[in-house]
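Below: the structure, in structure tokens.
The values are calculated or read from the model by the stated rules, or taken from the named source; none is laboratory data. Bear in mind the structure is a predicted one, so any value in this text is a computation, not a measurement. Cβ sites come from the backbone with ideal geometry, for glycine too, and all protein chains shown count toward neighbours.
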Amino acid sequence: MNAPSLLRNARLPRWLLPADWPERDGAPVLAHIALEISRVQSVRPASTDAALPANGWDLAGTLVLPGFVDAHTHLDKAFTLPRMKEVQPGLLGAIDAMLNDRVHWSAGDVHERASRGLQWAWECGTTHVRTHVDWWEPDTVPLAWPVMAELAEEWTGRVRLEQVSLIKLPLFEDAAQAMRLAKQVKATGPHALLGGFVHSTNWSENALRNLLVSAQAYDLDIDLHVDEELNPSVVGLQATARILREIGFEGRVVCGHICALAAQPEAQAFATLDAVARAPITVVSLPATNLLLQDAVTGRTPRLRGITLVKEARDRGIPLLFASDNVQDPFCRLGSFDPVEALGTAALVAQLDEPFDNWSQALCRGDWLQRAPATTPPTLVGAKADLVLFTQADRHGWPSRSATRVVLREGRVTHGDATPFLPR
Ligand SMILES: [Zn+2]
């Protein structure tokens with residue numbers, strides 16, 4: 001009974017259903033999801049009451065989502081907080097604490113901590129994790145980099161792991177060195193991306209251009225930490241969109257954080273978002289760390305929220321994902337590698353309407369990290385039967401009470417208790 005052939009009366013989110021899907025009382029009607037071997041064979045409205053086959057489950061309205069993508073994590077830093085002494089508040093204080101922790105890093109230490117993170121991601125229903133890896137030297141690959149490549153291999157078939165070189169912008173100041181960095185990343189394999197840390201403390205348009213051009217030369221996708229601050233005069237995102245256009249970049253570029261948009265005059269922020277919408281840019285918002293690290297001063301209650309303009313980005317058709325970011329390290333003492341937690345935080349901090357029916361796609365649209373995001377509406381039909389069933393939540397309160405789950409991987413239960421669904 002661990003591999004059902006039919007999930008009857010599943011409640012799917014509106015974004016995952018075709019436009020002509022019937023509604024009742026302002027909500028999509030329930031769905032019958034037929035599974036065959038490891039894939040979803042069909043999704044049909046549950047209006048006609050199909051007989052429940054012997055190996056079918058009756059979900060009785062249980063909320064169901066596809067497996068998650070956690071688009072921005074730091075597996076190399078995870079779980080380092082317990083061994084640190086004092087951490088100064090704010091982003092730059094956390095970076096200092098992290099530098100001091102580097103004496104403890106060995107391949108074994110990184111492997112142990114990152115494996116724990118992947119295990120937690122696996123248990124909560126995530127199928128795709130992207131991790132950034134701190135990269136400090138121009139000519140030396142950091143110790144954690146090959147460990148992530150090893151883990152990507154170890155977790156093949158369970159969690160797809162991508163790794164991004166998190167390189168501070170000044171290392172791209174020299175064009176030849178930028179090319180060498182891109183070459184090293186490319187040599188890691190197709191799951192590796194070129195990344196950088198773009199912040200007013202290290203701003204250089206020349207270095208950013210070299211980063212983007214070197215990625216283009218090596219046919220790499222890009223993932224940047226951009227404008228993770230509330231300084232209204234920063235131009236990282238704006239410059240990224242402009243340079244991508246100038247060089248005709250055809251890969252996919254993820255811009256994470258972009259908190260500064262929330263601090264800029266609206267006309268300026270909206271003009272930047274308009275340019276982002278015309279570029280191959282996906283936005284990733286990290287609400288937990290933004291709340292913790294922005295407007296952070298010891299002994300003073302923060303006044304500003306730090307989250308970027310997520311509604312205005314979505315209104316412009318910009319692909320937008322929420323993700324975990326740091327977990328139990330100096331940047332964020334909380335966290336569990338469960339992207340649903342990120343959405344729960346975002347729902348409050350950004351006052352999101354309909355977290356389940358609308359915004360849950362910001363946890364599930366892995367295609368938004370790819371070069372050619374889907375242009376047709378997303379569907380479960382034909383996809384791997386990687387599904388998460390929220391056995392105690394309802395659509396009004398979700399993601400409250402979402403901790404208890406049944407996770408199906410390729411149609412088989414890998415986590416949780418499915419006995420309530422079994423025929424009696
Ligand atoms: Zn980050």
Per the filter on the range 241-263, residues within 20 Å of the chain's Cα centre (by Cα) and either polar (S, T, N, Q) or not in a helix (DSSP H, G or I) (or both) are Gly251, Arg252, Val253, Val254, Cys255, Gly256, His257, Ile258
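Determine, yes or no, whether Val276 is β-branched (Val, Ile, Thr) and part of a strand (DSSP E or B).
Against the criterion (β-branched (Val, Ile, Thr) and part of a strand (DSSP E or B)), Val276 does not qualify.
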For Val164, the lone unmet condition from (1) touching a Leu at 6+ places or on another chain (Cβ under 8 Å); (2) more than 16 Å from the ligand (Cβ to nearest atom) is (2)
Screening Arg130, Arg160, Arg180, Arg209 for residues that are basic (Lys, Arg), more than 23 Å from Leu99 (Cα to Cα), at pLDDT 95 or above and under 22 Å from the mean Cα position of the chain (by Cα) leaves only Arg160
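Give Asp315, Asp274, Asp325 a once-over and let me know the one that is within 15 Å of the ligand (Cβ to nearest atom) and modelled with pLDDT of 95 or more. Show your work before the answer.
On the way: Asp315 fails: within 15 Å of the ligand (Cβ to nearest atom); Asp274 fails: within 15 Å of the ligand (Cβ to nearest atom).
Result of the check over Asp315, Asp274, Asp325: Asp325.
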Cβ pairs under 6 Å, 6+ apart or interchain, first in the range 191-207 and in the same structural domain as Val141 (by TED's automatic domain parsing), second of a type in the set (Lys, Arg) and outside any helix (DSSP H, G or I), ordered by first then second residue, are Phe197/Lys168; Asn202/Lys168
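A quick yes/no check of all residues on (1) of a type in the set (A, V, I, L, M, F, W, C); (2) within 16 Å of the ligand (Cβ to nearest atom); (3) at pLDDT 95 or above; (4) within 30 Å of Trp368 (Cα to Cα):
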| position | (1), (2), (3), (4) |
| --- | --- |
| Ser47 | no, no, no, no |
| Ala51 | yes, no, no, no |
| Gly56 | no, no, no, no |
| Thr62 | no, no, yes, yes |
| Val69 | yes, yes, yes, yes |
| His74 | no, yes, yes, yes |
| Arg83 | no, no, no, no |
| Gly90 | no, yes, no, yes |
| Ile95 | yes, yes, no, yes |
Of those in the range 337-363 that are polar (S, T, N, Q) and away from the ligand (no atom under 16 Å from the Cβ), the residue farthest from Ala121 (Cα to Cα) is Gln351
The condition of being in contact with a Phe, Trp or Tyr (Cβ under 9 Å, 6 or more places away or on another chain) and surrounded by fewer than 24 Cβ atoms within 10 Å (Cβ to Cβ) holds, among Val226, Val235, only for Val235
Filter the range 214-265 for residues that are more than 16 Å from the ligand (Cβ to nearest atom) and among the charged types (D, E, K, R); the one that is nearest to Leu166 (Cα to Cα) is Asp221
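Taking Asp109, is it modelled with pLDDT of 90 or more, acidic (Asp, Glu) and within 30 Å of Ser400 (Cα to Cα)?
no
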Taking the range 282-312 and keeping only residues that are in contact with a Pro (Cβ under 8 Å, 6 or more places away or on another chain) and away from the ligand (no atom under 16 Å from the Cβ), one is left with Asp295, Val297, Thr298
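So for the range 65-78 (the condition being in contact (Cβ under 8 Å) with a residue 40 or more places away in the chain and over 25 Å from the mean Cα position of the chain (by Cα)), does at least one residue qualify? Reasoning before the result, please.
From the range 65-78, those in contact (Cβ under 8 Å) with a residue 40 or more places away in the chain are 65-78; that's our starting set.
Then keep just the ones that are over 25 Å from the mean Cα position of the chain (by Cα); that gives none.
No, the range 65-78 has no match at all.
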